[in-house]
Every structure is written in structure tokens, then in C-alpha cells.
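All remarks here apply to the structure that follows.
The values are calculated or read from the model by the stated rules, or taken from the named source; none is laboratory data. The structure presented is a predicted model; accordingly, all values stated were derived computationally and were not measured. Cβ: placed from backbone, ideal geometry, glycine included. Neighbour counts: every protein chain shown.
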Ligand code: SF4
């Protein structure tokens, strides 16, 4: 079932979505945007649409199937955007039988509306008391009115102010807004539609059933076994979270430091997963926290300050990097506070950290000065002119301050892996339809997809093929509603991927092969590229900023040297 | 005189270093070039505890690693997220 909401007259229609059968998650959101949004429309115009969609396995008892996708034309990149998020919303919408909510049009007056979804239907309601609130206060008000059991996705002041890096914050299993649909400024699109929050109450619903329950159970068991036995998903992620990558990337010489001027940070160990876990455990916080129903990996955590007060959660590697090494800051408490401020004002912590680093490069503050960085974040919260510049992202910040070293692709900040030292990620950054996005090429690899073998991260050979296969497989996983981190285990345990295929088939009574699902992944990329081309963003934009090709990155003293002509072959399939 | 090596331990080995009262990085002198496997025996660290050894920022299987004085070395247990094992070159061609 689909709901279509027109904010111009606040009408709500129920639809079957005949055009969109057999699609979920990113495949669905990108198809809707490609089909229904005029690619040249301004991201804040009535022609842009914001969609909330569930994945193929949402609302089921499948392991780690709690993710959902938001889609729109991005105000940050001008490209199509899919932003994937955990928390409890995806599962509840799935149980409510909702495949998509399509929001179109613009409201006639600047008011604060919420979309309230339950088994009784979808209702657009005005809640003026939410206007001007940041995310934590918004969540508290909504929970006191509607109870703790609802799932909430809402924007903060950054979204209301239509800052191009605004995110949408979603509540986790404890009801705290620690999960973000972070990238690409979809919070600003939500703000332009006058929607402050979406809330879902799935009381009275049941777990979604399968056409073939026995086959589902068998597939589910295979995936669960893979996740529970692989050392990444059963040990490293629950113990250290994704922040386990800090020391590893630092050692590989690929941890971008002080605005991409070095690949090693002397303070890496202080902000790495090992120190993070030790600090959390010492203070009675929580590691091994699951952000969504059915998560058996539990990579998230709850971080407390020295006084034992909860500061933040879902403290990812990319945020510890963007607000840490990238700024030359190695104080975890300061980084945790900055992460909280990003989540509360409602901006993407990657884009914001990178923008602050670019501002530091310009001399607005000194690298390593965490207090100054915290003040800059407050500027975003207050919506001052400086705050609005930073809140519009790294590219705009670079332009305003005349900085040359601006790490963005298609207007979106490059995250935590330096493409000179990890060249395969560089190919993905350069070519993904989303603007620089590490998660676009994250998925299943090796023998299963015929990638196989060993690439040398410092050499160009084999990287294009690797990135191509990663991007295709990722587009498929992003369409299932599964957390992308299930892919971490599948590299070595082929049964896990079989389990995913079997569950998708069992849910709908299909008989698809892995090849068919990968074809779905390819079609997602084709849809997205069609939209981008129509929006005027051609293959010429598929490259990294030129400093990556010219400036040597210590300690390996390498540049990004994959020829542009080779990058142009990524989508030859 | 030979230069010492700088040795780091990640994930579970971070704890092991602590328990042994080793600094992290632990500074240690080796007399001759050793393989990763030999280094682990010297350190009394189980083979299963280490998937990859970084030597001067490059990833090697323990059996392929060659370590000499002055090197910066890091021991990485199994647990690096999948795609990075490929992207960082941990996965060895069969
Ligand atoms: S693995 Fe991490 S991101 Fe994925 S659902 Fe679990 S807690 Fe959330």
C-alpha cells in the first residue's frame, strides 16, 4: 500500500502503486523519484517529492531487516538521493503494510505539520508547538503526547532552515533520536514541505507473513548463522562498533587527517573503537546496542560523559573521523558532544565535520581546537550567516572562504577513507550516483560475485571492476530493507547471501536467482543515472577533485591515479 | 645497533597489550629479519588471533610479512568489516 500526500491541500490518497510492484528500498525510492520528479526542478520546489519507503523484507522477522529508505532530489548535490536509515520506523511501517509514502506539493503557509501513521490510516496534523525545536526536544514532545512506543523521524532547526546538509533523525529502540537519514540534505526537503515529523504506531498489527513460511525460516536461519559466526558481525562490531576502523585505516595510511593533508593521525588511537569501547564500558554506557528490531549485529552504542549522563549514541566511525581526525581533534568527549549537536540541530555529521575542516583550512578556527569547532556547530544551530554557510556543506564553505582543497564529489563531502590510499573507494566516490558516498560500494564481494583476488589498495589495477561489483551488490542490499552491515559477513560465508535470496523469494513467492537480484541492483543504478543525466549532471562529473591527483598523501606519498577514461567504464554493464 | 620496531595491537589485542603491561605501541628490538609467523611465536600470540599484519602501512598475511628493525608493525585480529578486507588488500588470491 502507498500513501500519497499533497501538502498544497493536505489531501491523503491511498494507492496500490501498480507502477512500483516488486520493488523495495532504494530500488523503489529511486524509481519513484526518477518517474515522478522533474529532474531539473529545484529541490525545494513543488515539483520535488520526498518519499519514505520500506524494503523487500521490512516488517518481517528477518535478521537485521529494520532499515528503510528516504528519497528525493537532493538540495546538496542536485542529484537523485537515497538515504538509508535504521531505528524502529522501517519495521513499523512494514508491519503497517506500507510500501511507500510519497509527499508532494508545497504547503500554503509556513506551519509545522506531522504525518501520523497507524492502522487507522495516515493523517496530516498541525503541531505548532514543534516549530523551532531541535530534534531531541521534538522527540520528547511527541513522546509525551503519543507515548513511547511510536517511531519518530523528525527534523531540527537546520531542516526548518532548509540547510542543504540537514538530516532527518529517527528514534532507536530506546526512543532516542540517534539514527539519521544523514546524507544529501533530505531534512531540508522535509522542511520545505512543512513536515516537522513523521510518527508511526503499529499497535494491533502482526509481523508480515511470507508466501512460503518454511523457506523463509530456512533462509533466515542461514543469514543469522552467518552473522552470528563471522568474527566481524559477532565480535568486532558489537564490541567496538564501526569505529574499529580508525586504527586500521590509520595504519593503512588512509585516515584523512586535517582536511586530507595526511593519511595518518597521531591521535588516532584516542578516538578509535578500542578506546571508545573502553571509555563506554568504564562509564556504564553500552556497547553492542541494536538500533532496530531484529538486529543481531548490534554495532551501535550509548556513550555517557564523565558524570554518567547519556551524550550520544550510534557513534559511527565516519562521525568520529569527521569531527575528530579530520579536524585534528582527539578528545572523544568533545567529539561525542559534537556528534550530539549534529544530531540535535539535525545536520549530517559527515558533511558538517568536513565543512568545519574546510573552514579550519581557511583559518576560521585552528585545527585541533575542539572548543572552536563546538562554537561553529552552535552557529549552525542559531542559523547565523556563518552557521548557514557551514550548514550548506563543505563545497559552499570552500567557495565562500576561497579554499582550494575541498574534498567533495558532486557537492557532497568525501567521508573517512582517503581515496589516494584506498583507491577502490576512490572509484566509488568519483562515480556513484549519490555524490561522494562510501556506503555506495560497501557490499558483497569476492568469489560470490566473481570479483575475487587481491587488489593492492595503493595501485590502480582492478579497482574499477571492484567498485563496479560493489556498487551493484550494494544497490540490491539497499533495496531489501536489510542493514548493509550484513554484507560484512557474506564475503566469507556464502550461505548468508543464499539466505537473503531465499528470504526475498519466500516473501513474495518469487523464484529469482542471485543474478536476477543483481540485475535489480544494476537497474537501480541505471534509474539513478537517468535522473542525474536529465538533471544536467553528466559523466563528466564522475571524478575526484584535482588535488587528489596532484597532492601526495603521506605516509605512502601516493596520488589518485586511476585515469578518467577508466572511471568512465564503471557503468559498462 | 639495530632500531627497535614499533608494534601496535588492535581490537582484542589492545586488551592483551594492556594486560601484559605493554605500551601501545610496544617498542621491541629484533635481531634479524623475521616472518610474521615467527614474530607471533616470539610474542606468544596465537596465530588465530591475527588475520593481517601491517608492516609500514601495507597489509600482509602473517606468513608473507617480513619484519626488520625500524619497522612500524600492527597486528590486526579477524574482524575488519568485509569490504575493507578486500579494499585494503587483506584478501589473498587463492
Ligand atoms: S548493525 Fe548497526 S546499523 Fe545495522 S541495524 Fe544493527 S545497530 Fe543498526
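Points to keep in mind about this one:
- Residue check, residue B:27 surrounded by 12 or more Cβ atoms within 10 Å (Cβ to Cβ), more than 10 Å from chain A (Cβ to nearest Cβ) and over 14 Å from residue A:247 (Cβ atoms): no
- Of the criteria (1) touching a residue at least 12 places away in the same chain (Cβ under 8 Å); (2) surrounded by fewer than 24 Cβ atoms within 10 Å (Cβ to Cβ); (3) within 14 Å of chain B (Cβ to nearest Cβ); (4) more than 22 Å from residue A:181 (Cα to Cα), which one residue A:364 fails: (3)
- Some residue of the stretch A:335-342 being in contact (Cβ under 8 Å) with a residue 12 or more places away in the chain, touching a strand residue (DSSP E or B) at 6+ places or on another chain (Cβ under 6 Å) and within 16 Å of residue A:259 (Cβ to Cβ): no
- Scanning the stretch A:29-45 for residues that are in contact with a strand residue (DSSP E or B) (Cβ under 7 Å, 6 or more places away or on another chain) and farther than 10 Å from residue A:73 by Cα turns up A:29, A:32.
- The residues on offer are A:57, A:93, A:70, A:50, and the sole one that is crowded, with 24+ Cβ neighbours inside 10 Å, within 24 Å of the chain's Cα centre (by Cα) and more than 16 Å from the ligand (Cβ to nearest atom) is A:50.
- Residue that is touching a helix residue (DSSP H, G or I) at 6+ places or on another chain (Cβ under 8 Å), within 13 Å of the ligand (Cβ to nearest atom) and either on the phi < 0 side of the Ramachandran plot or within 11 Å of chain B (Cβ to nearest Cβ) (or both), where the choices are A:287, A:279: A:287
- Within the stretch A:264-276, considering residues that are surrounded by fewer than 21 Cβ atoms within 10 Å (Cβ to Cβ) and outside any helix (DSSP H, G or I), the one nearest to the ligand (Cβ to nearest atom): A:267
- Checked against the criterion of being within 12 Å of chain B (Cβ to nearest Cβ), under 25 Å from residue A:288 (Cα atoms) and either touching a helix residue (DSSP H, G or I) at 6+ places or on another chain (Cβ under 6 Å) or outside any helix (DSSP H, G or I) (or both), the candidates A:245, A:249, A:237 yield just one match: A:245.
- Given (1) modelled with pLDDT under 85; (2) within 30 Å of residue A:62 (Cα to Cα); (3) touching a strand residue (DSSP E or B) at 6+ places or on another chain (Cβ under 9 Å), number of the condition residue A:491 does not satisfy: (3)
Here is a yes/no grid of residues against (1) modelled with pLDDT of 95 or more; (2) surrounded by 23 or more Cβ atoms within 10 Å (Cβ to Cβ); (3) outside the structural domain of residue A:329 (by TED's automatic domain parsing):
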{"site": "A:178", "(1), (2), (3)": "yes, yes, yes"}
{"site": "A:189", "(1), (2), (3)": "yes, yes, yes"}
{"site": "A:195", "(1), (2), (3)": "yes, yes, yes"}
{"site": "A:209", "(1), (2), (3)": "no, no, yes"}
{"site": "A:232", "(1), (2), (3)": "no, yes, yes"}
{"site": "A:245", "(1), (2), (3)": "no, yes, no"}
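- Some residue of the stretch A:320-341 being touching a helix residue (DSSP H, G or I) at 6+ places or on another chain (Cβ under 9 Å), within 14 Å of chain B (Cβ to nearest Cβ), under 19 Å from residue A:270 (Cα atoms) and within 15 Å of the ligand (Cβ to nearest atom): no
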